[in-house]
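Shown next, in structure tokens, is the structure this report addresses.
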Amino acid sequence: MDSMYSRDDELAVITPRLSEIPPQLPSLSNVSSCVAFGCGFGTLDLAFVRHCIANVKEFIAVEPDAACAAQLRMKLPMEMTNVKCVVHEETAQNWKGADHPVVAVLLIHFIYFLNPGERMAFYHRLMDSVLRSGGFVFVVIRPRHTDGEPSSHCQVLKRLNSKAQSELLTDRAVRDAMLSVGFELCYEKTYECHLNVEELDDAFLSIFPRVCLDGALSLELVRQTAQEVFGDSKKVRHDSSLGVFRKP
Ligand SMILES: C[S@@+](CC[C@H](N)C(=O)[O-])C[C@H]1O[C@@H](n2cnc3c(N)ncnc32)[C@H](O)[C@@H]1O
């Protein structure tokens, strides 16, 4: 993930724009509790907390990776003083749930890690038990260019997906699925971001098989596919899409 973060301008692009959201959704100021699924090292998730739901008093991170969970346990109390922080080192699918419904859920670059069946079950679970009425779900994914063409990064995934016979998630698919389980869309934004694709290292390439849900993909196949798509480019478009949904 470090390799991805260092190549990506997403944090720098999105963070200054996050303060545009609360004036459009004033009830975000009432968000007192939040669960972040797939919180990773918490980098982008914490930016959302600071700029969109700054009055949170309880923050739960659900993160199965031991190194990420260990860092979150150290970092969260330092970065969010006066907030009760809990880290559950487990998958979203195995998470037993909080003892009360929460007011916000963060799904920041997380949803790709669930297969389509798990994803639908998860959206239903958010609606049925995880969130309280009036609560918000923030979903960030990497979808497509603003002109509707797949980004170069998505093209790599798409080629790998066709080889791996799995599927590529789009922002429209997330929106349709969330609406189908009863959420309302209350904010949408696509952020124009870029990815540095010079000198493709193994750490960076190894992210693609994880996102493709097919660990069997060889790094050599990923490298070859990435080189075909990126060509001589130094930077490629790597937009991010945000959807904020509300439980009625
Ligand atoms: C791309 S990272 C995103 C990290 C962070 N949210 C961010 O955007 O900076 C995805 C995270 O999801 C976690 N993850 C993968 N499968 C998961 C699952 N089934 N349940 C919960 N988290 C999962 C990974 O360990 C990883 O830390």
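The values are calculated or read from the model by the stated rules, or taken from the named source; none is laboratory data. Please read all numbers here as calculations on a predicted model, not as lab measurements. A quick note on method: Cβ atoms are made from the backbone with ideal geometry, for glycine too, and the neighbour counts reach across all protein chains shown.
Residue check: Arg132 meets all listed conditions (1) assigned to a loop (DSSP other than H, G, I, E, B); (2) modelled with pLDDT of 95 or more but one, namely (1). Scanning the stretch 119-147 for residues that are under 22 Å from Gly40 (Cβ atoms) and under 16 Å from the mean Cα position of the chain (by Cα) turns up Arg119, Phe122, Tyr123, Leu126, Phe136, Val137, Phe138, Val139, Val140, Ile141, Arg142, Pro143. Say whether the condition of being surrounded by fewer than 15 Cβ atoms within 10 Å (Cβ to Cβ) and either closer than 18 Å to Ser240 by Cα or among the acidic types (Asp, Glu) (or both) is met by at least one residue in the stretch 21-42. No, there is no match, as no residue in the stretch 21-42 is surrounded by fewer than 15 Cβ atoms within 10 Å (Cβ to Cβ) and either closer than 18 Å to Ser240 by Cα or among the acidic types (Asp, Glu) (or both).
Checked against the criterion of being modelled with pLDDT under 90, surrounded by 14 or more Cβ atoms within 10 Å (Cβ to Cβ), closer than 30 Å to Gly231 by Cβ and away from the ligand (no atom under 16 Å from the Cβ), the candidates Arg159, Arg142 yield just one match: Arg159.
Within the stretch 69-92, if we keep just the residues that are assigned to a helix (DSSP H, G or I) and under 17 Å from the mean Cα position of the chain (by Cα), the residue that is surrounded by the most Cβ atoms within 10 Å (Cβ to Cβ) turns out to be Leu72. Within the stretch 99-116, the set of residues being touching a residue at least 60 places away in the same chain (Cβ under 8 Å), within 15 Å of the ligand (Cβ to nearest atom) and surrounded by 14 or more Cβ atoms within 10 Å (Cβ to Cβ) comprises Ala104, Val105, Leu106, Leu107, Ile108, His109, Phe110, Ile111, Tyr112, Phe113. Of the residues making up the stretch 68-89, those that are more than 14 Å from the ligand (Cβ to nearest atom) and of a type in the set (A, V, I, L, M, F, W, C) are Met74, Met78, Met80, Val83, Cys85, Val86.
Residues that are part of a helix (DSSP H, G or I), surrounded by 19 or more Cβ atoms within 10 Å (Cβ to Cβ) and hydrophobic (A, V, I, L, M, F, W, C) within the stretch 206-228 comprise Phe208, Val211, Val222, Ala226, listed in sequence order. Residues that are near the ligand (Cβ under 8 Å from one of its atoms) and charged (D, E, K, R) within the stretch 9-67 comprise Asp45, Glu63, Asp65, listed in sequence order. Answer with yes or no whether Phe122 is part of a helix (DSSP H, G or I) and at pLDDT 95 or above. Judged against the criteria, Phe122 is a match. How many residues are surrounded by fewer than 15 Cβ atoms within 10 Å (Cβ to Cβ), within 21 Å of Ala121 (Cβ to Cβ) and at pLDDT below 95 if we restrict to the stretch 168-205? Qualifying residue count, the stretch 168-205: 1. Of all residues in the stretch 41-68, those that are at positive phi and assigned to a loop (DSSP other than H, G, I, E, B) have Cβ atoms under 9 Å from Cβ atoms of residues that are acidic (Asp, Glu) and more than 6 Å from the ligand (Cβ to nearest atom), 6 or more apart or on another chain, in Gly42/Glu79. For Ser27, the conditions (1) touching a strand residue (DSSP E or B) at 6+ places or on another chain (Cβ under 9 Å); (2) polar (S, T, N, Q); (3) farther than 26 Å from Pro101 by Cβ all hold with the exception of (3).
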